[in-house]
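Engineer: Sharing a structure below in structure tokens format, with a few things to ask.
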Amino acid sequence: MRALLKQCSVSAVAVAVLMMAGCSQSTKPSVTDQSAAAGAPAGPPELVTAKTAFWPMYKSAMAWSGDAQVIRLSQKDVPGFKNQAGKAAMWEAAIGSPGKHQYRLYTFAIATVLPDIHKGAAAGNPRPWSGQTREAMPIDVTVFNTDSDTAYKTSAADAAAWLAKNPDKPLTSLELGSTYDFKSPVWYIAWGNKKSGGYISLVNATSGTLYKKK
């Protein structure tokens with residue numbers, strides 16, 4: 001009886017091992033599948049929000065100067081891509097150093113378009129800087145909570161009636177800044193222009209709320 005039980009036990013273990021091996025082999029992708037996946041063409045680069053682009057630029061700026069201050073962050077155009085809904089193919093940050101009395105323009109792009117646009121974070125040459133002004137104060141990055149896509153959505157809802165009447169007016173500005181008049185960083189979002197008519201929205205970059213027009 002003991003011999004029989006021992007034989008059954010060994011057989012059960014052997015079956016279990018075979019079943020596990022079978023499951024493991026059945027879930028492993030074939031060499032052909034792996035080759036097909038590796039050879040599949042990559043999709044086009046995706047537009048990014050301001051926050052996604054900002055941190056690589058800021059990290060680079062801090063390596064340049066430990067007292068780096070962000071003065072402006074704005075979306076830019078890249079040939080072959082269309083910015084939309086608060087996301088862009090390239091973002092540009094103006095970052096200054098009070099100690100060096102210099103500022104640099106940093107960019108983050110999703111693709112390289114020679115000769116001037118390079119994928120990833122890139123830094124321009126240092127330029128003379130006299131420091132902050134009432135109209136261009138440092139952005140407190142610790143309270144930069146509202147990303148560009150969220151700010152755009154809030155602004156577009158505010159401008160909905162105007163946009164419905166002016167569907168041909170393009171977005172002309174999507175920029176983060178800080179001035180003496182506001183206690184928090186502000187998203188400045190504009191469609192059209194003063195000459196042909198436009199609409200401007202200001203969104204609090206900390207709370208995400210819309211500033212009421214006076």
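Engineer: Among the listed residues Ala88, Ala94, Ala122, identify the single one that is over 24 Å from Thr206 (Cα atoms) and either of a type in the set (Asp, Glu) or under 20 Å from the mean Cα position of the chain (by Cα) (or both).
Structural biologist: None of the others qualify; the one that does is Ala122.
Engineer: Now for a separate question. Would you check if Thr112 is in contact with a His (Cβ under 6 Å, 6 or more places away or on another chain) and at pLDDT 95 or above?
Structural biologist: yes
Engineer: Here's a follow-up. Being assigned to a loop (DSSP other than H, G, I, E, B) and either touching a residue at least 12 places away in the same chain (Cβ under 8 Å) or in contact with a strand residue (DSSP E or B) (Cβ under 7 Å, 6 or more places away or on another chain) (or both) is the filter here; which residues of the stretch 80-94 pass it?
Structural biologist: Across the stretch 80-94, the qualifying residues are Gly80, Phe81, Asn83, Ala85, Gly86, Ala89.
Engineer: While we're on this one: Suppose we filter Tyr152, Tyr199 for residues that are of a type outside the set (Lys, Arg), farther than 20 Å from Ile71 by Cβ and assigned to a helix (DSSP H, G or I); which single one remains?
Structural biologist: Tyr152
Engineer: Hey, could you check the stretch 174-198 for residues that are aromatic (Phe, Trp, Tyr) and either at pLDDT below 95 or open to solvent by 60 Å² or more (accessible area, probe 1.4 Å) (or both) and say which is farthest from Asp158 (Cα to Cα)?
Structural biologist: Tyr180
Engineer: For the stretch 135-147, indicate whether the set of residues that are hydroxyl-bearing (Ser, Thr, Tyr) and either touching a helix residue (DSSP H, G or I) at 6+ places or on another chain (Cβ under 7 Å) or within 18 Å of Leu202 (Cβ to Cβ) (or both) is non-empty.
Structural biologist: Yes, because at least one residue in the stretch 135-147 is hydroxyl-bearing (Ser, Thr, Tyr) and either touching a helix residue (DSSP H, G or I) at 6+ places or on another chain (Cβ under 7 Å) or within 18 Å of Leu202 (Cβ to Cβ) (or both).
Engineer: For Lys100, only one of the following conditions fails: (1) outside any helix (DSSP H, G or I); (2) charged (D, E, K, R); (3) touching a residue at least 40 places away in the same chain (Cβ under 8 Å). What is its number?
Structural biologist: (3)
Engineer: On to the next question. Would it be correct to say that Ala68 is of a type in the set (Gly, Ala, Ser), under 17 Å from Gly120 (Cα atoms) and surrounded by 12 or more Cβ atoms within 10 Å (Cβ to Cβ)?
Structural biologist: Considered against the rule, which asks whether it is of a type in the set (Gly, Ala, Ser), under 17 Å from Gly120 (Cα atoms) and surrounded by 12 or more Cβ atoms within 10 Å (Cβ to Cβ), Ala68 comes out as no.
Engineer: Here is a list of conditions, (1) within 22 Å of Lys76 (Cβ to Cβ); (2) modelled with pLDDT under 95, and Phe144 meets all of them except one; can you say which number that is?
Structural biologist: (2)
Engineer: Just a yes or no: is a residue in the stretch 127-145 within 24 Å of the chain's Cα centre (by Cα), open to solvent by 50 Å² or more (accessible area, probe 1.4 Å) and hydroxyl-bearing (Ser, Thr, Tyr)?
Structural biologist: yes
The values are calculated or read from the model by the stated rules, or taken from the named source; none is laboratory data. None of the values given here were measured: they were computed from a predicted structure. Cβ sites come from the backbone with ideal geometry, for glycine too, and all protein chains shown count toward neighbours. Only protein heavy atoms, including side chains, enter the accessible area calculation; ligands, DNA and RNA are left aside. Shrake-Rupley method; radii C 1.70, N 1.55, O 1.52, S 1.80 Å.
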